[in-house]
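Undergrad: What follows is a structure written as structure tokens; I'll ask about it next.
The values are calculated or read from the model by the stated rules, or taken from the named source; none is laboratory data. All figures in this text were calculated on a predicted structure; none of them were measured in a lab. Every residue, glycine as well, gets a Cβ built from its backbone with ideal geometry; the counts of neighbours run over all protein chains shown.
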Amino acid sequence: MSDKSQAHSSRYIEALQWAGQLHGTQRRKGKDVPYISHLIAVSALVWEDGGNEEEAIAALLHDAIEDAGVSAEQIAERFGERVARIVDDCTDTAGPVAEGGEKEAWLVRKQRYLKHLEVAELDSVRVSAADKAHNARDQMLDARRDPESWDRFNAGIDGTAWYQLRIHQILKRRLPDSRSTELLGEALQELLDSPVYRQVVPEGMAPAMWAAGYVERQEASPAR
């Protein structure tokens, strides 16, 4: 029998099983793909990015508060305060308004999340980076096959480009050597270079500059 220590503990398997129960009826947005596929992928990216088991467990549970109605206290009871804190940090609906059960406007939530990402502990940032990298890569793979797939996202391709750009800028400062930061950057560049995004960008303007100005355009819109 091998004398090598176990690569992961039973806690990780317990977290995987719990995530499967919590998200068992959910699917990826606009696709007939079980949602747990995303949670497994994010956890794998955390492991591959040098994260430890607690971070990998938090990755499996990173949407439990936002999408499964679980509280940070419930997570802490089963997996400890650190895992609960990481999951809470990865929840962009956190805040007094969200407690009423209804999400705030997309842009409000994303701007608050970006501010929090600037100061969050690095273990939380690593899990968030894996989450955003997997989402961005998945979005681009879908868009290669169907350019209209951007329509299923709240902010469309224009808002998505801004959000990915801002996330990547923060991650380059906070986790410059992260594999997830690199993967997100690759997906972002493909988005900015894509013909469908080039149709949104005014002639003669750099795509990244147009993406960076998304919030200002929204604030100047008469509809706001």
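Undergrad: On the basis of being in a helix (DSSP H, G or I), of a type outside the set (D, E, K, R) and over 30 Å from Val119 (Cβ atoms), does Tyr163 make the cut?
TA: The answer is no for Tyr163.
Undergrad: Moving on. Is it the case that Asp151 is in a helix (DSSP H, G or I), more than 21 Å from Glu118 (Cβ to Cβ), at pLDDT below 90 and not basic (Lys, Arg)?
TA: Judged against the criteria, Asp151 is a match.
Undergrad: I'm trying to understand the selection: among the residues of segment 155-185, which are small (Gly, Ala, Ser) and farther than 23 Å from Val201 by Cβ?
TA: Scanning segment 155-185 gives Ser178, Ser180.
Undergrad: Also, I was wondering about something else. Kindly evaluate Arg173 against the criterion of being of a type outside the set (A, V, I, L, M) and under 15 Å from Leu114 (Cβ atoms).
TA: yes
Undergrad: Further, regarding this structure: Which members of segment 41-71 meet the condition of being of a type in the set (A, V, I, L, M), part of a helix (DSSP H, G or I) and crowded, with 19+ Cβ neighbours inside 10 Å?
TA: Residues satisfying the conditions are Val42, Leu45, Val46, Ala56, Ile57, Ala58, Ala59, Leu60, Ala64, Ile65.
Undergrad: Another question, if that's okay. Kindly indicate whether any position in segment 181-189 is closer than 21 Å to Leu107 by Cα, part of a helix (DSSP H, G or I), among the β-branched types (Val, Ile, Thr) and modelled with pLDDT of 95 or more.
TA: No: segment 181-189 contains no residue that is closer than 21 Å to Leu107 by Cα, part of a helix (DSSP H, G or I), among the β-branched types (Val, Ile, Thr) and modelled with pLDDT of 95 or more.
Undergrad: Within segment 195-213, is there a residue that is surrounded by fewer than 17 Cβ atoms within 10 Å (Cβ to Cβ), touching a Phe, Trp or Tyr at 6+ places or on another chain (Cβ under 9 Å) and closer than 25 Å to His116 by Cβ?
TA: Taking every residue of segment 195-213 in turn, at least one turns out to be surrounded by fewer than 17 Cβ atoms within 10 Å (Cβ to Cβ), touching a Phe, Trp or Tyr at 6+ places or on another chain (Cβ under 9 Å) and closer than 25 Å to His116 by Cβ.
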